[in-house]
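I have placed the structure first, in the form of structure tokens, so that the comments after it can refer back to it.
The values are calculated or read from the model by the stated rules, or taken from the named source; none is laboratory data. The structure displayed is predicted, hence computed values, not measured ones. Heads up, the Cβs are rebuilt from the backbone with ideal geometry, glycines too, and the neighbour counts pull from every protein chain shown. Please note that ligands, DNA and RNA were not included when accessible areas were found on the heavy atoms of the full protein model with its side chains. Shrake-Rupley method; radii C 1.70, N 1.55, O 1.52, S 1.80 Å.
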Amino acid sequence: CYLSFFPMHCMALWTGVCQAAMQHYPAAAWGHYDVCKSQVYSDEGLTWDYMACQPEAADMTQYLKVTLDPPNITCGDPPETYCALENPYMCNNECDATTEELAHPPGLMFDTEGRNPTTFWQSTSWKKYPKPLLVNITLSWNKTIELTEDIVLTFESGRPEQMVLEKSLDYGRTWQPYQFYATDCLDAFTMEPKTVQDLTQHTLLDIICTEDYSRGYVWKNDKTVRFEIKDRFALFAGPRLHNMASLYGQLDTTKKLRDFFTITDLRIRLLRPATGATMVDENNLSRYFYAISDIKVQGRCKCNLHANSCVYDKEKLSCECEHNTTGPDCGRCKRNYQGRAWSAGSYLPIPKGTANIFRPNVSSLGVANRKEARVCDNELLRCQNGGTCISNVRCNCPPGYTGLLCEKRRCESELGGCGGPDSGQAHLTPPSTSRLLLLLLLGSALLREASCRPAVL
């Protein structure tokens, strides 16, 4: 192909070659559990080899819905002027919801970073002090998500002196704390201060209070508040996450551990803004507020190891299920594929895992089809020699051909098999009467010995 002359043709051809090649490589060649099935040759011909699979990790903030409580907590209605926390006499920051350049709506927590000036969401000031300035920021996906990277919040104001990160596994009906943050954990939450480095494999699920992210900031990195996912992974996978096999093994066998990194919603509870001093300056309350410029949440759709892609359609995420499963999380069997109870795929044995594929019901087919697979289509897996593909599960071969894809010549014109001049086989002579009788007696004895019984239909 010469790309300068036939760009579209060559691109289509190259794509087809790549797709065909990918089907023959094991999962390990393409990353971690990113292939659901590959074609293999067996004694029965071309068949499918199924394996556990999961979607790639992605920036999940592009799929969420954000809700603030109270709803009117965003600054700008009415317009308000703010002072810098570190300099109470620098009061030139205005927030006005009616002017785009001066507005700070919630969506600015998730827009593109690197803009100048920085964009951010901002709350009203603490003008009702000493009543607490409380804000709940809820991130909802309407889908089960598995976290793969640290959750990172970047504050344009000082970092909160008290904050709680919470999670929900049931779409916001109930909540559990993920981590507490405070300048003084004992005073704020009656908890001993700890860091993620204090955790072990046995205490990984403990909920801790940390003081690492609640002090005032000087350098840019001090603006961030983290929930450390990777440090917790490292307790099993090693400091550089080189031993992912160990982590996958733990996730596969410990449901509580797997659920710990799984969410449908996150809630950020801001309980006390940065004050920068031991006492609040009641004469200048416009110094105290919350402002967040960025929230990072990396993860993947939870598909129970039955899908390697997730689609976003009509403002909803859903797994593109394989292995004869269905549902937003591939959490149930397809209709007529309930031959056994549903179960999630398994990371073990590494690296392919176990697909736990679901077979058709005996009642739906008359017999259990143990080799149900997509064996043909009209693209890469064409039936050969004029055969036609029937429902992607078999080729209807023309007279004279047989095989999974009609690739074998069928010889029926001669007694005893193929014996024509083009067959490559010697002509077979019929057996004598005495030999035929001996074969029948031997076959009858073998059948009695094997005790075969009819299949239950």
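Yes or no: Glu146 touching a residue at least 40 places away in the same chain (Cβ under 8 Å), among the acidic types (Asp, Glu) and not in a strand (DSSP E or B)? Walk me through it before giving the result.
Numbers: touching a residue at least 40 places away in the same chain (Cβ under 8 Å): yes; among the acidic types (Asp, Glu): yes; not in a strand (DSSP E or B): no.
It is false that Glu146 is touching a residue at least 40 places away in the same chain (Cβ under 8 Å), among the acidic types (Asp, Glu) and not in a strand (DSSP E or B).
Quick test for you: out of Asn87, Asn136, Asn72, pick the one residue that is in the same structural domain as Leu266 (by the TED database), out of contact with any strand residue (DSSP E or B) (no Cβ under 8 Å at 6 or more places or on another chain) and at pLDDT 95 or above.
The unique qualifying residue is Asn72.
Determine whether Tyr89 is open to solvent by less than 50 Å² (accessible area, probe 1.4 Å) and among the aromatic types (Phe, Trp, Tyr).
In short, no.
For region 225-237, indicate whether the set of residues that are modelled with pLDDT under 90 and either over 20 Å from the mean Cα position of the chain (by Cα) or within 15 Å of Leu147 (Cα to Cα) (or both) is non-empty. Walk me through it before giving the result.
Of all residues in region 225-237, those modelled with pLDDT under 90 come to none.
Looking through region 225-237, none of the residues is modelled with pLDDT under 90 and either over 20 Å from the mean Cα position of the chain (by Cα) or within 15 Å of Leu147 (Cα to Cα) (or both).
Can you name the residue in region 112-164 that is closer than 22 Å to Pro70 by Cα and among the acidic types (Asp, Glu) and, of all such residues, is most open to solvent (accessible area, probe 1.4 Å)?
Top of the filtered list is Glu156.
Run down Phe227, Phe260, Phe233 and say which single residue is touching a residue at least 60 places away in the same chain (Cβ under 8 Å) and either assigned by the TED database to the domain that holds Gln122 or β-branched (Val, Ile, Thr) (or both).
On inspection, the qualifying residue turns out to be Phe227.
Residue-wise test of (1) under 30 Å from Thr354 (Cβ atoms); (2) buried (at least 16 other Cβ atoms within 10 Å of the Cβ); (3) assigned by the TED database to the domain that holds Lys143.
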{"position": "Pro273", "(1), (2), (3)": "no, yes, yes"}
{"position": "Gly276", "(1), (2), (3)": "no, yes, yes"}
{"position": "Leu285", "(1), (2), (3)": "no, yes, yes"}
{"position": "Tyr288", "(1), (2), (3)": "no, yes, yes"}
{"position": "Ile292", "(1), (2), (3)": "no, yes, yes"}
{"position": "His306", "(1), (2), (3)": "yes, yes, no"}
{"position": "Ser309", "(1), (2), (3)": "yes, yes, no"}
{"position": "Lys314", "(1), (2), (3)": "no, no, no"}
{"position": "Leu317", "(1), (2), (3)": "yes, yes, no"}
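Quick one: count up the residues across region 172-208 that are β-branched (Val, Ile, Thr), closer than 24 Å to Leu139 by Cα and either open to solvent by 40 Å² or more (accessible area, probe 1.4 Å) or assigned to a strand (DSSP E or B) (or both).
Final tally of qualifying residues: 2.
When region 327-343 is examined, which residues are found to be modelled with pLDDT of 90 or more and open to solvent by less than 80 Å² (accessible area, probe 1.4 Å)?
Gly327, Pro328, Asp329, Cys330, Gly331, Cys333, Ser343
Inspect all residues belonging to region 242-262 and state whether any of them is open to solvent by 60 Å² or more (accessible area, probe 1.4 Å) and closer than 15 Å to Gln197 by Cα. Before you say what the answer is, go through the steps one by one.
Initial filter on region 242-262 (open to solvent by 60 Å² or more (accessible area, probe 1.4 Å)): 242-243, 250, 253, 255-256, 258.
Still in the running and closer than 15 Å to Gln197 by Cα: none.
So far as region 242-262 goes, no, none of its residues is open to solvent by 60 Å² or more (accessible area, probe 1.4 Å) and closer than 15 Å to Gln197 by Cα.
Tell me which of these Thr98 doesn't satisfy, since it passes every other one: (1) farther than 24 Å from Ala274 by Cβ; (2) of a type outside the set (D, E, K, R); (3) in contact (Cβ under 8 Å) with a residue 40 or more places away in the chain.
(3)
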